[in-house]
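Accompanying notes for the structure given below.
The values are calculated or read from the model by the stated rules, or taken from the named source; none is laboratory data. Since the model is a prediction, treat every value here as computed from it, not as a measurement. Positions of Cβ are generated from backbone atoms using ideal geometry, with glycine treated the same way; all protein chains shown enter the neighbour counts.
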Amino acid sequence: MHSMSAHEAKARFGQLLDAARDGPVAISKHGREVAVVISKDEFDALAALKLEALRAAVQKGFESIERGDSRAVSTEDLAGLGTAVKARGRKRHVKK
């Protein structure tokens, strides 16, 4: 993967765009990579993969429900469930 500093990316924006057509370009600020610039085609491919994964997860959920792999949940349980889901998300997306 090609990389450049944020200062260089700003000064040579056209070159950054050209480089992104060939592959991802990591942008660093103060010596730490903070972003990646990708081509529109690459973005579209990633978005399609994410959508496909989401559709598969939803389908898996529907199939689970159809098999009867579900249970009744009270209104009181929903608050706790929401808190648990949020906590899992925070653990998964911890900033380094």
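Okay, here's what the table says:
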| item | result |
| --- | --- |
| Any hit, region 53-69, residues being out of contact with any Lys or Arg (no Cβ under 7 Å at 6 or more places or on another chain), at pLDDT 95 or above and surrounded by 11 or more Cβ atoms within 10 Å (Cβ to Cβ) | no |
| Enumeration of residues in region 17-43 that are assigned to a helix (DSSP H, G or I) and surrounded by 11 or more Cβ atoms within 10 Å (Cβ to Cβ) | Leu17, Asp18, Ala19, Ala20, Arg21, Glu42, Phe43 |
| Lone unmet requirement of (1) within 30 Å of Met4 (Cβ to Cβ); (2) aliphatic (A, V, I, L, M); (3) at pLDDT below 95 for Val85 | (1) |
| Which numbered condition Arg92 misses (of (1) loosely packed, with under 10 Cβ neighbours inside 10 Å; (2) farther than 30 Å from Ala35 by Cα; (3) at pLDDT below 90) | (2) |
